[in-house]
Amino acid sequence: PIALSECARQHRMRGELEDAERIFRQAIEIEDARVPPGSPKRPHRRNHLAMVLLRAGRLEEAARVNAEAWRLKAGQHDLVSGRILFVRIAMHLLAGDDDVRLYLGQMKTLLGMEPLECFADIATTWEIPDVLDALCEQLPTEQATLMLRLTDALNDRAHVVVLETLDAWRTAEAVALDVPWPGA
């Protein structure tokens, strides 16, 4: 599954979204057969698939996969949880729903955790230039800036201070990670 995921990520970055989706689905199927239900790898791979679906403009399907990833994180919140929240925020903004306070509030809670673990044993620097480029092309400047700064903060929490300069972040209240997502 790790090799398949890397291959799928490369396809996603080149914009070969059908291939990326097919390969991520294969990786998920193989991994689900081999790892215990509580494995931190399961939400991680699903979030990658959600990013592919997001890039393909299939926001409803991406939302379902993303919600499944979040559900699998229950009680094991870590860096991957932040990436899942990032995708959730991006999906809502792309769908024209700019009320992302719940998800920003959960991101605030997560980024305030000490230490912010990484249970899935993944690269702690998140390289998603293709996703960020797509968001910058499709979102208004202020929302695109929010997404860029969230990525910076997920990669290095020293960047959280920059988020404080953004109204959407500054006005969002911290929200517990166990607060359910609407419709999920």
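Among the GluC sites (Glu not before Pro) found in segment 120-184, those both in a DSSP coil and sparsely packed, with 14 or fewer other Cβ atoms within 10 Å of their Cβ, are E127, E164, E173. About its Cα centre, the dipole of segment 21-137 is roughly 360 debye, where the only charges are +1 on Lys and Arg Cβ and -1 on Asp and Glu Cβ.
Toward the positive end of the charge dipole of segment 93-184, about the Cα centre and with charges on Cβ (Lys, Arg +1; Asp, Glu -1), which of M113, T141, P129 goes farthest? Towards the positive end, the residue furthest out is M113.
Taking other residues whose beta carbon is less than 14 angstrom from the beta carbon of F119, and scoring Lys, Arg as +1 and Asp, Glu as -1, yields +2. Straightening the chain between E29 and C136 buys 35.3 nm, computed as 0.36 nm per residue apart minus the Cα-Cα spacing.
Counting only Cβ charges, +1 for Lys and Arg and -1 for Asp and Glu, the dipole size of segment 109-184 around its Cα centre is about 180 debye. Normalised radius of gyration (Cα atoms, divided by 2.2 N^0.38 Å) for the chain: 0.96. Highest mean packing first, where packing is the average number of other Cβ atoms within 10 Å per residue, the peptides 62-74, 15-27, 92-104 line up as 62-74, 15-27, 92-104. In this entry, segment 105-184 is assigned a mean projected area of 6.4 nm², taken as a quarter of its C-alpha convex hull surface. The slack between A176 and R101, meaning 0.36 nm per residue of separation minus the straight C-alpha distance, is 25.8 nm. According to the Kirkwood relation over distinct C-alpha pairs, the hydrodynamic radius of segment 1-86 is 12.6 Å. The phi-based Karplus calculation (6.51 cos²θ - 1.76 cosθ + 1.60; θ = phi - 60°) puts the 3J(HN,Hα) values of segment 57-64 at x, 9, 5, 5, 5, 4, 5, 5 Hz, whole numbers, x for Gly and Pro. Neighbours of I84 by Cβ distance under 11 Å: Lys/Arg scored +1, Asp/Glu scored -1, total +3.
Taken together, the values in this text are just the output of simple stated rules run on the coordinates, not laboratory data. Nothing here was measured: the structure is a model prediction, and the numbers come from that model. For neighbour counting, all protein chains shown are included, and Cβ atoms are generated from backbone atoms with ideal geometry for every residue, glycine included.
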